[in-house]
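Comments concern the structure below.
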Amino acid sequence: MPDCHILLPGLITQTDRSPCLPEALNLLCTRGRALPPTAVPDTQAFLLSHFGLPIDSGIAPITGLADGINTTHGYWLRMDPVHLHLNRDQLILLDSQSFNIDPDEADQLVSTINQHFQDGGIRILAPSSKRWYAHFDTEQNLVFHPKNRIIGQPVNLHLPSGEMGTHWKSILNDIQMLLFAHPVNEARETRGEMAINSIWPWALGQLPAIHEQPWKRILSQNPLAAGLVQLSGGEHIMLPPNAGAWLNEIQNGDMLILDKSLPDGYSSGEPEWKEAITALETNWFIPLLEALKSSRLDRIHLHLPAENRVLHLEIQQSDLWKFWRHHLHLL
């Protein structure tokens, strides 16, 4: 019988360490056997470490590969569109996951930026409306701060630094001026949508060689996972809409990444979180529990990113009868 791995970010947050879970997910979490946690800061680091890479690796060439760019040569930098929100006297970074960007909007913005810097050695590629890239032939002696670790924080303490830090701050200022009155943003604001008023450079690196393959197949919407499994010689498949669709084509050892299932920055008491967890329960964890009970699945490995670590639970059919495991003692 097959087993599977499930990575579920967003279930445990700093503000809500013991969420109220629906029945099927709660049963899996409370009856599972706790394994030693992995000491990593986030989901990105968890994935990198499992493929044998340093957790601070620049992921731009890896996600670029998943986005269809040939990132074999040189150095690649993510130049992602963001919204900088003015909060009193500070600019707060809001990631593009907080709002939608139409591909045509992305193309127009990138075209304007590239035209401005056509003699300045910077050219942005936008294979995805939310993931933009720049390529450099030579190493850049710069420090860029990971976007995923500063979302919701003031940007002034996280601007590029190093030998060319001042130059890059000037580039960011120019881009912000270009985007401020851009017709795309004027139209977005008229519709009541967030303006795309800056970019965030990060994830600089070269395409690595990967010699470890923790999972032969990953089902996800995660571009980093897609690039990593592609580099390792495995297979990436877009995550199906529910567990029923996956169970019809299950392979032993599949990794399912449900990282788009729960909204970022919400606790279990908020309506958005409750709605998302209910859909997650219906679409995934009720069918998974039934598959475990009926011996269609042998084992579920549940990975839960928490505060600077990832918690691990292993659940077998026999664990479901261990009623004395009655609370999330890990949290």
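Using r as the Cβ-Cβ distance of Arg123 and Glu23, and R0 as 51 Å, what FRET efficiency do you calculate, to the nearest 0.05?
0.45
Starting with the highest mean, order 102-112, 74-84 by the number of other Cβ atoms within 10 Å, averaged over the residues of each peptide.
Packing order, densest peptide first, comes out as 74-84, 102-112.
Quick one: dipole size for segment 94-142, taken about the Cα centre, charges +1 on Lys/Arg Cβ and -1 on Asp/Glu Cβ, in debye to the nearest 20.
Dipole size: approximately 80 debye.
Just need the relative contact order of segment 71-205 here, percent rounded to a whole number, with Cα pairs under 8 Å and 6+ apart.
37
Work out the length of the dipole vector of segment 71-205 about its Cα centre, built from +1 on the beta-carbon of each Lys and Arg and -1 on the beta-carbon of each Asp and Glu, and round it to the nearest 20 debye.
Dipole magnitude for segment 71-205 comes out near 360 debye.
If each residue of separation counts as 0.36 nm, what is the full-extension length gain between Asn114 and Val143 once their alpha-carbon separation is subtracted?
Taking 0.36 nm per residue and subtracting the Cα distance, the gain is 8.2 nm.
So, R0 is 35 Å and r is the distance between the beta-carbons of Asp174 and Glu272; what FRET efficiency does that work out to, to 0.05?
Here the calculated transfer efficiency is 0.45.
Would you please state which residues of segment 137-179 a label at Asp89 would reach in this model, taking the label point 7 Å out along Cα→Cβ and a backbone N cut-off of under 19 Å?
153-159
Distances longer than 38 Å among the Cα atoms of the chain: what percent of all pairs is that?
I get 20 percent for the Cα pairs in the chain exceeding 38 Å.
For every helix of n ≥ 4 consecutive DSSP H residues, a contribution of -39,500 (n - 2.57) applies; sum these over the chain, divide by its total residues, and give [θ] at 222 nm rounded to the nearest 500 deg cm²/dmol.
Taken over the chain, the calculation gives -8000 deg cm²/dmol.
Among Thr13, Ala243, Pro37, whose Cα sits farthest toward the positive end of the charge dipole of the chain (+1 at Cβ of Lys/Arg, -1 at Cβ of Asp/Glu, about the Cα centre)?
Going by the Cα projections, it comes out as Pro37.
With N residues in segment 1-142, what two-decimal value do you get for its Cα radius of gyration over 2.2 N^0.38 Å?
In units of the globular-protein estimate, segment 1-142 measures up at 1.37.
In a Debye calculation with equal point scatterers on the alpha-carbon sites of segment 203-277 and no solvent, what is log10 I(q)/I(0) at q = 0.15, 0.26 Å⁻¹?
Computed log10 I(q)/I(0) values: -0.65, -1.14.
If you take the beta carbon distance between Thr166 and Gln221 as r and set R0 to 51 Å, what does 1/(1 + (r/R0)^6) give as a FRET efficiency, to the nearest 0.05?
E(calc), rounded to 0.05, equals 0.85.
Based on other C-beta atoms within 10 Å, arrange Thr278, Thr30, Thr38 from fewest to most.
Thr278, Thr38, Thr30
For segment 46-129, with the dipole built from +1 on Lys and Arg beta-carbon atoms and -1 on Asp and Glu ones, taken about the Cα centre, which of Ser111, Thr63, His73 lies farthest toward the positive end?
Of Ser111, Thr63, His73, it is His73.
About its Cα centre, what dipole magnitude does the chain give when the only charges are +1 on Lys and Arg Cβ and -1 on Asp and Glu Cβ, stated in debye to the nearest 20?
Around 840 debye, computed over the chain.
I need the per residue convex hull volume for segment 71-205, using only the alpha carbons, in cubic angstrom as a whole number.
110
Throughout, read-outs are computed from the coordinates displayed, never taken from laboratory work. Given the structure is predicted, the values throughout are model-derived calculations rather than measurements. Because the Cβ atoms are built from the backbone with ideal geometry, glycine has one as well, and the counts that use them run over all protein chains shown.
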